[in-house]
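Everything below concerns the one structure shown next.
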Amino acid sequence: MISRSIIFSIVSMIFAGPVMAAEQTAKLSVPGMTCASCPFIVEAAIRALDGVSDVKADYASRTAVVIYDDALTSIEAVQQASVNAGYEAIAVYGEP
């Protein structure tokens, strides 16, 4: 007979999701933003990714700050979404 603790463990693994998943905040340098409408394009491209909960692009600093769930997407996917929209994006490590 299977013990209750084994059944509980199996059910927990099925419904709990990844243990290491966490909300991440990343800052990107987006040097190609050259006009006031560019941030809207970058934001729309990144926001379309599953797992992105917020993105704010700033024309003056040519940066974007992205909050995402690393169980659903990655910083590489975020960067690629910006590139696909026509804007190179480089992760800035050590800065939120």
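Once region 34-71 is narrowed to residues that are closer than 16 Å to residue 24 by Cβ and without any contact (Cβ under 8 Å) to a residue 24 or more places away in the chain, the residue that is nearest to the chain's Cα centre (by Cα) is 51.
For region 63-84, filtering for residues that are surrounded by fewer than 18 Cβ atoms within 10 Å (Cβ to Cβ) and closer than 18 Å to residue 33 by Cβ leaves 4. Filtered by the rule that a residue be of a type in the set (S, T, N, Q) and at pLDDT below 95, region 52-96 gives no residues. Residues of region 82-96 that are within 12 Å of residue 26 (Cβ to Cβ) and of a type in the set (A, V, I, L, M): 89, 90, 91, 92.
The values are calculated or read from the model by the stated rules, or taken from the named source; none is laboratory data. Computed from a predicted model, the values in this text were never measured in an experiment. A quick note on method: Cβ atoms are made from the backbone with ideal geometry, for glycine too, and the neighbour counts reach across all protein chains shown.
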